[in-house]
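Undergrad: My questions all concern the structure below.
The values are calculated or read from the model by the stated rules, or taken from the named source; none is laboratory data. As the structure is a computational prediction, the values presented were derived from the model and not from experiment. Methodologically, a virtual Cβ is constructed for each residue, glycine included, from the backbone with ideal geometry; neighbour enumeration extends over all protein chains shown.
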Amino acid sequence: MEFRAFDREYLQLLREGNPEVERHFAAYFGELIYLKLRRRVHSQQLLEDIRQETLCRVLRAVREKDSIENPRKFGAFVSGVCHYVAIELRRNERRYESADVEECEPFDISQDLDAPLVNEQRKLLVRKVLSELAKRDRRLLRAIFLDEREPAEVCLNFGVDQDYLRVLIFRAKARFREAYTRSLGAAA
């Protein structure tokens, strides 16, 4: 790491948004912030948050007219901003720390709390799709799958033999599947 002295020209170019100077600023001070905090901040995410917030606040301050009086003290200014950002973000992080695992009751995963809601939604969708099918398909699927009637009884009601009943069920299921898929696509 090569240290650099800062002057009014550098700050003026940074204030004007010169891309090369902004890249240098982010790389130079990003590395310094990392070196300053790497032993004190144990979370890589928090370290990155501090680095980005510091760079943003310093850029905001530079772009305000005459906010930095002595360009030679620019490095100290960045270091001070970094110090206060680190304190602020660590305080906020501690505010939301979770309780110890030992103190919490174990989470019961044996029950799916969303299952009743999902099942009810699925039932409504099935009823809707059934209502859109032809009357014969609707009656056939309802008799076989919802009412769970014996195939012989269904054959009598529909006036077909068992071999043709399988064909009717296959076709009705295919139409139902197509309408169901269409309804899922429309809902999404």
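Undergrad: Residues of region 140-153 being free of Cβ contacts under 8 Å to residues at least 12 places away in the same chain and either in a helix (DSSP H, G or I) or closer than 17 Å to residue 170 by Cβ (or both), which ones?
TA: Selection gives 145, 146, 152, 153.
Undergrad: Given (1) part of a helix (DSSP H, G or I); (2) under 21 Å from residue 12 (Cα atoms), identify the lone condition not met by residue 67.
TA: (1)
Undergrad: Here is a list of conditions, (1) surrounded by 15 or more Cβ atoms within 10 Å (Cβ to Cβ); (2) within 34 Å of the chain's Cα centre (by Cα), and residue 172 meets all of them except one; can you say which number that is?
TA: Condition not satisfied by residue 172: (2).
Undergrad: Is it the case that some residue within region 91-113 is small (Gly, Ala, Ser) and either modelled with pLDDT of 90 or more or within 30 Å of residue 42 (Cβ to Cβ) (or both)?
TA: The answer is yes; a qualifying residue exists.
Undergrad: Return the pairs, sorted by first residue and then second, in which the second residue is part of a helix (DSSP H, G or I) and surrounded by 11 or more Cβ atoms within 10 Å (Cβ to Cβ), the first residue lies in region 156-167 and is of a type in the set (Val, Ile, Thr), the beta carbons are less than 9 Å apart, and the residues are 6+ apart or on different chains.
TA: 160/154; 160/168
Undergrad: Given the conditions (1) in a loop (DSSP other than H, G, I, E, B); (2) exposed (fewer than 11 other Cβ atoms within 10 Å of the Cβ); (3) not small (Gly, Ala, Ser), report the number of the one that residue 123 does not fulfil.
TA: Condition not satisfied by residue 123: (1).
Undergrad: Only one of 75, 30 is in contact (Cβ under 8 Å) with a residue 24 or more places away in the chain, within 35 Å of the chain's Cα centre (by Cα) and surrounded by 11 or more Cβ atoms within 10 Å (Cβ to Cβ); which?
TA: 30
Undergrad: Something else now. When residue 2 is evaluated against the numbered criteria (1) among the charged types (D, E, K, R); (2) outside the structural domain of residue 82 (by TED's automatic domain parsing); (3) modelled with pLDDT of 90 or more, which criterion, by number, is the only one it fails?
TA: Among (1) among the charged types (D, E, K, R); (2) outside the structural domain of residue 82 (by TED's automatic domain parsing); (3) modelled with pLDDT of 90 or more, the lone unmet condition for residue 2 is (3).
Undergrad: If I ask for residues that are among the charged types (D, E, K, R) and part of a helix (DSSP H, G or I), which ones from region 9-49 would you list?
TA: Within region 9-49, 9, 15, 16, 20, 22, 23, 31, 36, 48, 49 qualify.
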